[in-house]
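Okay, so here's the structure we're looking at.
Every number in this text was worked out from the coordinates using simple rules, so none of it is lab data. None of these values were measured; they are calculated from a predicted model. FYI the Cβ positions are ideal-geometry reconstructions off the backbone, even for glycines, and counts take in every protein chain you see.
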Amino acid sequence: MATRKKEINAEVKRFGEKIREIRLKRQLSQMDVGANIGIDRENIRKYEKGLQEPRLSTIIKFAKAFEIDYNELLGYADNL
C-alpha cells in the first residue's frame, strides 16, 4: 500500500522559511539552533523545509532562542 504525501500547509511552510532566514542571517548552523532549543538537526531541517508541523511549544522555543515574538515566526507580525 503506497502512502500519499501530505500537502504542505502554507503556514508551516512560512514558519520554516522564517526560521531559516533568521538562522542564516545570524550565521547559525542547524546544529547550533538545535542545541540551543533541544531539537536535533534533522528536525530543524524538516521544519525549515515545511515537512514537519511544529507544536506550539516548539514555536515558542524558536521564538525565545531568536529573541523575537512568536507572531513574527508565523508571519503575523506585520498584521498586528
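Overview of values
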item	result
Per-bin percent of Cα-Cα distances, the chain [5 Å]	3, 15, 27, 27, 14, 7, 4, 2, 1, 0
Positive-end residue, the stretch 10-79 charge dipole about Cα centroid, Cβ charges, pick of I22, N71, V33	V33
